[in-house]
Amino acid sequence: MNDFLLVFRNDVALSQTQMSPDQMQALMSTWQNWIGGIAAQNKLVSPGNRLAPAGKVLATNNVITDGPFVEIKEAIGGYIIVKAENIDEATTLSEGCPILHVGGTVEIRMIIPMN
Amino acid sequence: MEQPALLPDLFRTEYSKIVAVLCKYFGMPFLEQAEDIASETFLLASNTWGLKGLPNNPTAWLYTVAKNKAIDFIKHNQVFKQKVYPEIIISSQTSYVPEPDLSPSNIMDSQLKMMFAICNPIIPVEAQVGLALNILCGFGADEIAEAFLTNRDVIYKRLQRAKQKLREENITIDIPPQNEIAVRLDAVLTTVYLLFNEGYFSSSQNNALRKDLCIEAMRLNVLLLENATTNTAESNALLALMCFHASRFEARINNSGEMVLYEEQNEQLWNKELIHKGEYYLNNSAGGNQISTYHLEAAIAYWHTHKQDTQEKWENILQLYNKLLQVNYSPIAALNRTYALAKVMGAAIAIKEAEKLKLEQTLQYHMLLGHLYAQVDLNTALSYLQNAENLTKRESEKRLLADLQIKLQHLP
């Protein structure tokens with residue numbers, strides 16, 4: 001078993017659209033149902049976090065730029081950590097992720113343990 | 001002829017109080033002596049009361065005899081005289097040894113402190129549950145063995161080893177200091193939770209005994225709420241959970257002592273008072289800054305006190321299971337979540353999710369899939385129920401599963 005980071009990316013503009021409380025609740029339930037499904041398989045390592053759309057980038061020579069990162073089109077919206085035998089199983093676990101319903105992507109990366 | 005019933009009743013309530021008070025008074029190395037004095041007190045009671053009739057106040061009689069025996073012990077035991085006696089005198093700041101105090105407040109205090117002593121990390125968890133039953137609830141090795149579905153010798157040895165450990169390590173009988181209380185209270189709550197589950201879910205056929213275990217677990221939990229330090233959000237949540245479960249005690253077992261499934265229970269038999277108490281403790285549990293597994297389980301149990309199937313009920317239960325599994329995975333929570341998922345999203349989606357769970361070795365997995373397939377594919381449903389029937393060794397469950405198969409086959 002290895003740990004895999006699932007990174008959710010989607011269009012920044014899209015994630016900033018206003019939602020009604022009901023829509024927000026429904027979206028939360030959809031995410032919770034998907035994560036709950038992974039947890040029910042005992043494959044969830046960490047429920048991760050959501051990230052605020054705005055941010056800053058610090059580059060060499062202390063050059064600071066502000067987000068949102070329109071130039072890269074798809075920004076990181078959040079992540080979770082799962083465990084799986086291999087990258088294929090981790091990819092299968094990613095199926096059904098709600099980000100896919102709004103045209104986003106899930107990036108699956110194996111975590112290399114630091115010993 | 002009330003007398004024959006009285007002594008066992010008193011034993012159940014008073015034996016553990018005497019042991020707790022005396023053990024706290026003597027110190028943990030003298031646990032065995034505290035138990036001996038309590039036993040001798042009851043032996044004397046059964047002999048004397050049989051001959052002379054009941055005293056006016058049986059409980060006071062027991063306390064006086066136990067107290068005198070305790071004083072006698074400290075006067076004549078050499079080890080106690082040389083080592084412990086001087087310490088008691090120094091700590092009490094008087095020149096004489098104070099008598100053991102069997103007042104209600106000191107009984108409660110002693111039992112609470114004994115809970116922390118017993119639920120000590122140096123004792124294996126299953127032994128903690130046994131010790132709690134034995135020392136705090138006055139259950140004998142035979143009863144504990146019956147509840148745990150094991151033989152008396154196993155339990156007896158387990159208790160002896162654990163008690164030896166308590167004595168050797170000279171565990172202090174006190175409420176842990178502020179910096180340890182959270183972790184230590186966690187262990188106490190785990191033991192209370194396991195004690196309750198042992199009664200509620202155990203496969204022992206002795207219903208009176210099972211009910212006693214549940215009541216004892218709730219009594220110990222109430223003890224925790226009566227002390228400001230241990231009256232936490234979590235301990236309130238645990239008591240709420242137990243109240244909700246216990247409210248169905250009468251409805252879940254029929255006249256022939258067999259389990260009645262939730263769907264078929266007569267909700268008139270649900271104990272409304274316990275449900276209200278559960279709601280009260282659940283409200284009290286809201287203050288904390290952390291949502292524990294007890295909070296989540298109590299909230300699920302709360303929704304189950306509403307018999308009627310509503311979208312709101314199952315939506316809430318599903319979300320609570322989603323959270324519970326993220327905090328604390330267990331196969332049974334995974335299966336229950338899938339059941340709730342079927343209620344919210346239909347059998348087809350739930351079947352797909354159930355088949356991912358990889359719990360083929362558990363009985364409930366096959367029962368769940370049998371249930372879900374019943375609405376979709378009859379033959380598959382029957383084969384799952386057959387698997388379940390093959391997996392269980394208990395006759396009552398075999399009968400239940402065989403009946404379910406017959407019912408399914410005769411559906412119009």
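Do any residues of segment A:31-64 lose at least 30 Å² of accessible area when the full set of protein chains is present rather than just their chain alone, and if so which, with a 1.4 Å probe?
Residues losing area: A:Gln32, A:Asn33, A:Gly36, A:Ala39, A:Ala40, A:Gln41, A:Asn42.
What do you get for the angle between helix B:207-225 and the principal long axis of chain B? Use alpha-carbon atoms, 0 to 90 degrees, nearest ten.
70 degrees
Would you mind computing, in nm to one decimal, how far apart the modelled labels at B:Gln364 and B:Thr172 are, each placed 7 Å from Cα along Cα→Cβ?
Simple spin-label model gives 4.0 nm for this pair.
Expected output is a single nm value to one decimal: the length gained when fully extending between B:Asp309 and B:Asn207, i.e. 0.36 nm times separation in residues minus the C-alpha distance. What is it? Please report the intermediate quantities before stating the final value.
Working: separation 102, 0.36 × 102 = 36.72 nm, distance 2.89 nm.
Net length gain for the segment: 33.8 nm.
Can you give the angle from 0 to 90° between the axis of helix B:378-391 and the longest principal axis of chain B, with both taken from C-alpha atoms, to the nearest 10?
On a 0 to 90 degree scale, this one is about 30.
Near B:Leu223, within a Cβ-to-Cβ distance under 11 Å, what is the net charge of the other residues, with Lys and Arg +1 and Asp and Glu -1? Can you show the working numbers first?
Details: positive: B:Lys113, B:Arg219; negative: B:Asp109, B:Glu216, B:Glu226.
Local charge sum for B:Leu223: -1.
How big is the A/B interface in buried accessible area, both sides summed, 1.4 Å probe, to the nearest 100 Å²?
Details: alone 7830 and 20970 Å², together 27690 Å².
Summing both sides, the interface buries roughly 1100 Å².
Give me the Kirkwood hydrodynamic radius of segment B:201-320, using the inverse of the mean 1/r over all pairs of distinct Cα atoms, in Å to one decimal. Before the final figure, lay out the partial values.
Numbers: mean 1/r = 0.0661 Å⁻¹.
One decimal place: 15.1 Å for the Kirkwood radius.
Give the range of the longest stretch in chain B that excludes all trypsin sites (Lys or Arg not before Pro) found in loop regions by DSSP and having at most 15 other beta-carbon atoms within 10 Å. Spell out each step's value before the answer.
Details: sites that count: B:Lys307, B:Lys358, B:Lys393, B:Arg394.
That gives B:1-306 as the longest site-free run.
Pick out, in residue order, every one of the GluC sites (Glu not before Pro) in segment B:151-197 that is DSSP loop and has at most 16 other C-beta atoms within 10 Å; say none if there are none. Before the final figure, lay out each step's value.
Working: sites: B:Glu168, B:Glu169, B:Glu180; in loops: B:Glu169, B:Glu180.
Passing sites in segment B:151-197 are B:Glu169, B:Glu180.
Top mean-square fluctuation among B:Leu359, B:Leu385, B:Leu166, Gaussian network model of chain B, C-alpha springs under 10 Å?
Top of the fluctuation ranking is B:Leu359.
Report the far tail of the P(r) of chain B, meaning the percent of Cα-Cα pairs longer than 33 Å. Let's see the in-between values first.
Numbers: 35797 of 84666 pairs.
Tail of the P(r) past 33 Å holds 42 percent of the pairs.
Could you state the orientation-averaged shadow area of the convex hull built on the Cα atoms of the protein assembly as shown, in nm² to one decimal?
Numbers: hull surface 138.9 nm².
Mean shadow area of the hull around the Cα atoms is 34.7 nm².
Using only Cα atoms and rounding to the nearest 10 degrees, what angle (0 to 90) does helix B:181-201 make with the longest principal axis of chain B?
That helix lies at roughly 60 degrees to the long axis.
First select every other residue whose beta carbon is under 14 angstrom from the beta carbon of B:Met114; then total the charges, Lys and Arg +1, Asp and Glu -1. Working shown, then result.
Values: positive: B:Lys17, B:Lys24, B:Lys113, B:Lys163, B:Arg167, B:Arg184, B:Arg219; negative: B:Glu35, B:Asp109, B:Asp174, B:Glu216.
With Lys, Arg at +1 and Asp, Glu at -1, the net is +3.
How long is the gain from B:Glu226 to B:His410 if the chain were fully straight, where each residue apart is worth 0.36 nm and the alpha carbon distance is subtracted? Each step should come with its number before you reach the end.
On the way: separation 184, 0.36 × 184 = 66.24 nm, distance 5.50 nm.
The span from B:Glu226 to B:His410 would gain 60.7 nm if fully extended.
Ignoring ligands, DNA and RNA, please state the percent of accessible area on segment A:2-110 from carbon and sulfur, probe 1.4 Å. Walk me through the numbers before you get to the answer.
Details: 3620 of 6480 Å².
The nonpolar share, carbon plus sulfur, comes to 56 percent.
Along each principal axis of its Cα atoms, how long is chain A end to end? Whole angstroms, biggest number first, please.
Projected onto its principal axes, the Cα set of chain A covers 44, 41, 19 Å.
Among the trypsin sites (Lys or Arg not before Pro) in segment A:22-115, which ones are in a DSSP loop with at most 14 other Cβ atoms within 10 Å of the Cβ? Mind listing them? Provide the component values of the computation, followed by the final result.
Details: sites: A:Lys43, A:Arg50, A:Lys56, A:Lys73, A:Lys83, A:Arg109; in loops: A:Lys43, A:Lys73.
Filter output for segment A:22-115: A:Lys73.
Rounded, prolate or oblate: which fits segment B:291-362, taking a ≥ b ≥ c as square roots of the Cα gyration tensor eigenvalues, rounded meaning a/c under 1.5, else prolate when a/b beats b/c? If you can, show how the numbers build up before the last one.
Details: a/c = 2.10, a/b = 1.16, b/c = 1.81.
Judged from the Cα gyration tensor, segment B:291-362 comes out oblate (a/c at least 1.5, b/c at or above a/b).
Let me check I've understood the local charge: for B:Ala208, count other residues with C-beta under 12 angstrom from its C-beta, Lys and Arg +1, Asp and Glu -1. What total comes out? All intermediate terms of the calculation are to be shown ahead of the outcome.
Values: positive: B:Arg12, B:Arg210, B:Lys211; negative: B:Glu143, B:Glu146, B:Asp212.
That sum, taken over residues with Cβ under 12 Å, equals 0.
Normalised by the residues of chain A, what does the relative contact order come to in percent, with Cα pairs under 8 Å and at least six apart? Walk me through the numbers before you get to the answer.
On the way: 175 pairs, mean separation 56.1, N = 115.
Contact order relative to length: 49 percent.
Find, among the GluC sites (Glu not before Pro) in segment B:265-361, those assigned to loop by DSSP (not H, G, I, E, B) with at most 11 other beta-carbon atoms within 10 angstrom.
Hits after loop and neighbour filter: B:Glu360.
Which whole-number percent gives the relative contact order of chain B, counting Cα pairs below 8 Å spaced six or more residues apart? Mind showing how you got there, number by number?
On the way: 470 pairs, mean separation 39.1, N = 412.
The value is 9 percent.
Could you give the dipole magnitude of chain B about its Cα centre, charging the beta-carbon of Lys and Arg +1 and that of Asp and Glu -1, in debye to the nearest 20?
Numbers: 38 positive and 46 negative charges, 86 e Å.
With only Lys, Arg, Asp and Glu charged at Cβ, the dipole is about 420 debye.
Can you run the Rg to Rh ratio on segment B:132-259? Use alpha carbon positions and the Kirkwood inverse-distance Rh. Can you show the working numbers first?
Values: Rg = 16.0 Å, Rh = 15.9 Å.
Result for segment B:132-259 is an Rg/Rh of 1.00.
The values are calculated or read from the model by the stated rules, or taken from the named source; none is laboratory data. From a predicted model like this one, the values you see are computed outputs, not experimental measurements. In this analysis, Cβ positions are derived from the backbone assuming ideal geometry, glycine residues included, and neighbour counts consider all displayed protein chains. What goes into the accessible areas is simple: the full protein's heavy atoms, side chains included, and nothing from ligands, DNA or RNA. Shrake-Rupley method; radii C 1.70, N 1.55, O 1.52, S 1.80 Å.
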